[in-house]
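The values are calculated or read from the model by the stated rules, or taken from the named source; none is laboratory data. Because the structure is predicted, anything quoted here is derived from the model rather than measured. With ideal geometry, Cβ positions are generated from the backbone for all residues, glycine too; neighbour counts draw on all protein chains shown.
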Amino acid sequence: MTSRNFVLFDVDGTLMDAVANQRRVWHEWAARHGLDGDEVYAVALRTRPVETFAAVVPGRDPDECLALLHTLEDEDVCTGAYAAFDGAAELLAGLPADRWALVTSNYEHRVRGRFERTGLPLPGLIVDAASVAEGKPSPVPYLTAAEKLGADPADCLVIEDAPSGVRSGLDAGMTVWTVNTPAPHPDAHRHFPTLADAAPHIAAALGTGQRIVS
């Protein structure tokens with residue numbers, strides 16, 4: 001029986017450049033709590049928000065911390081400067097709608113707002129922070145996406161830029177390619193300097209009807 005391949009994309013840093021916005025939001029959040037913005041942002045890059053709060057403000061109410069972060073991020077969706085990486089729009093528009101998904105540590109309403117602002121097409125499935133009990137680097141987010149798509153993890157190609165996302169995809173038993181970083185992750189199967197470089201290979205992976213060549 002011929003396999004059907006699927007592509008699972010991270011969002012920030014993979015399809016969309018949102019680094020400046022993320023840094024600004026976390027710096028503002030840190031300032032509201034009397035903390036050093038650079039130190040807080042360094043933790044936030046590696047963990048989910050709830051885990052960041054536990055590390056930098058262990059005595060504060062995590063629900064209040066999250067509410068403030070959500071307020072700042074929702075404001076940023078409307079005012080921040082977002083840009084899709086070269087090749088993203090054409091790549092996503094050419095993929096079968098039922099064969100790809102977004103797997104993000106952000107929240108779906110925020111991702112939708114950013115995609116609308118940048119003109120990127122949305123898939124039928126978004127696995128966000130609210131969809132899973134464990135975030136990256138746990139394999140749960142990518143395994144959840146595969147389950148919802150009805151896909152075998154072995155038939156899934158993960159496109160990532162961050163070490164935590166790479167680990168998540170690998171531990172889910174998937175093929176992982178990295179993009180938009182100057183050097184490849186040592187455990188990723190393939191690396192491309194830019195998303196545009198990877199785009200024809202991603203499109204080909206969905207069109208072969210054979211298992212993804214790592």
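Filter the range 53-73 down to residues that are part of a helix (DSSP H, G or I) and either of a type outside the set (A, V, I, L, M) or in contact (Cβ under 8 Å) with a residue 40 or more places away in the chain (or both), then give me how many there are.
Residues in the range 53-73 being part of a helix (DSSP H, G or I) and either of a type outside the set (A, V, I, L, M) or in contact (Cβ under 8 Å) with a residue 40 or more places away in the chain (or both): 10 in total.
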**Request:** Pick out the one residue from Thr118, Thr144 that is farther than 19 Å from Ala84 by Cα and in the same structural domain as Thr14 (by TED's automatic domain parsing).
**Result:** Thr144
**Message:** Considering only the range 14-23, I want to know if a residue exists there that is under 16 Å from Gly135 (Cβ atoms), assigned by TED's automatic domain parsing to the domain that holds Ala154 and not in a helix (DSSP H, G or I).
**Reply:** yes
**Fill in**
If we take the range 126-192, then strands (runs of 3 or more DSSP E) inside it with 2 or more residues that are surrounded by 20 or more Cβ atoms within 10 Å (Cβ to Cβ), among the hydroxyl-bearing types (Ser, Thr, Tyr) and at negative phi are 175-179
**Complete:** Residues in the range 1-47 that are over 19 Å from the mean Cα position of the chain (by Cα), among the aliphatic types (A, V, I, L, M) and within 21 Å of Ala67 (Cα to Cα) total 4
